[in-house]
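The values are calculated or read from the model by the stated rules, or taken from the named source; none is laboratory data. These numbers come from a predicted model, not from an experiment. We place every Cβ from the backbone using ideal geometry, glycine too, and count neighbours over all the protein chains shown. Surface areas here come from the heavy atoms of the whole protein model, side chains and all, with no ligands, DNA or RNA. Shrake-Rupley method; radii C 1.70, N 1.55, O 1.52, S 1.80 Å.
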Amino acid sequence: LIAVSNLNQGQKEQIHTVINELAKEGYRVLGVGETNFTGIDYPIKQQDFQFQFNGIVAFYDPPKKNIQSVFDAFHQAGIKVKIVTGDNAATTAAIAKEIGFRGYEKSISGDELMSLGVNELKERVQTTNIFSRMFPEAKLKIINAFKANGEIVAMTGDGVNDAPALAEAEIGIAVGSGTDVAAETADIILVESNPQDILKLVQF
């Protein structure tokens, strides 16, 4: 949104500074803008509109209270846990640090992941625990890289962009409060979004 809005360089830098400060505190940040268009000859992509940048909205989604003990149980069971998210790296690292997630200091973005060769990707998915700014193609590539390494993959998701990876994973787990597309694609649907239930499923 910043890239396609009528902002000068100083304004862009100011917005990025605020976004980074909020992200480091664990806030998820959304840009808000608007565009006015007359006629019927619409651009092919929404990015071709000229937007007016109105501001940003920050919100905080606190982690589940029992999440750290669940992660500990996963590790004790020999199960590797990865965070794959569309959030930016700073937000994800802040939340991961708060919940005591191992390896929160190191992450890879969706664009960076897509540029890796097959062998390098297979190695990076094993040594990286946080995957930020991910999109459907990148999530699918992660699943396939783990499978190529001989791993049995269980994935949770709730959005439309999770559907391809949910379908490709050996165990696709949809959160019941998520989208219909995710639920229809998954093997299992969690009625309540409780990490403890995921642990029970994988152990079973």
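Structure data summary
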| read-out | value |
| --- | --- |
| Cα centroid separation, the range 128-169 to the range 23-66 (Å) | 25 |
| Total charge dipole magnitude, the range 69-193, about the Cα centre, Cβ charges on Lys, Arg, Asp, Glu only, Debye to nearest 20 | 460 |
| Residue among 77, 90, 145 with the largest mean-square fluctuation in a Gaussian network model of the chain, springs linking Cα atoms under 10 Å | 77 |
| GNM result for the chain, Cα springs below 10 Å: residue of 139, 12, 24 fluctuating most strongly | 12 |
| Computed FRET value (nearest 0.05) for residue 187 with residue 66, which takes r as the C-beta separation and R₀ as 25 Å | 0.55 |
| Radius 11 Å from Cβ of residue 181, net charge of other residues (Lys, Arg +1; Asp, Glu -1) | -4 |
| Calculated FRET value between residue 25 and residue 118, using beta carbons and R₀ = 25 Å, to 0.05 | 0.10 |
| Reciprocal mean inverse distance between Cα atoms of the range 130-197 - Kirkwood radius, Å | 11.9 |
| Rg ratio (alpha-carbon, reference 2.2 N^0.38 Å) - the chain | 1.13 |
| Net charge of neighbours whose Cβ lies under 11 Å from the Cβ of residue 53, counting Lys and Arg as +1 and Asp and Glu as -1 | 0 |
| FRET efficiency, residue 52 to residue 126 (Cβ-Cβ, R0 41 Å, nearest 0.05) | 0.35 |
| Per residue, in Å², the accessible surface of the chain once ligands and nucleic acids are set aside, probe 1.4 Å | 60 |
| Computed over the chain: relative contact order in percent, which uses C-alpha pairs under 8 Å that are six or more apart | 15 |
| Relative contact order %, the range 1-96, counting alpha carbon pairs below 8 Å whose residues are six or more apart | 38 |
| The chain: most fluctuating residue of 17, 35, 92 per GNM, C-alpha cutoff 10 Å | 35 |
| Neighbour-limited loop hits for chymotrypsin sites (Phe, Trp or Tyr not before Pro), the range 1-90 (at most 12 other Cβ within 10 Å; DSSP other than H, G, I, E, B) | 37, 60 |
| Share of Cα-Cα pairs in the range 75-172 lying beyond 18 Å, as whole percent | 43 |
| Spin-label model distance (nm) - residue 17 vs residue 76, 7 Å beyond Cα toward Cβ | 4.8 |
| DSSP beta bridges in the chain [antiparallel fraction, %, rounded to 5] | 35 |
| Neighbour net charge for residue 159 - beta-carbon separation under 12 angstrom, K R +1, D E -1 | -2 |
| Gain in span if fully extended, residue 34 to residue 170, counting 0.36 nm per residue against the direct Cα distance | 44.8 nm |
| The chain: angle of helix 89-98 to the longest principal axis, Cα-based, in degrees nearest 10 | 40 |
| Cα-based equivalent ellipsoid of the range 55-132: semi-axis lengths in Å, sorted from largest, via gyration tensor | 22, 20, 8 |
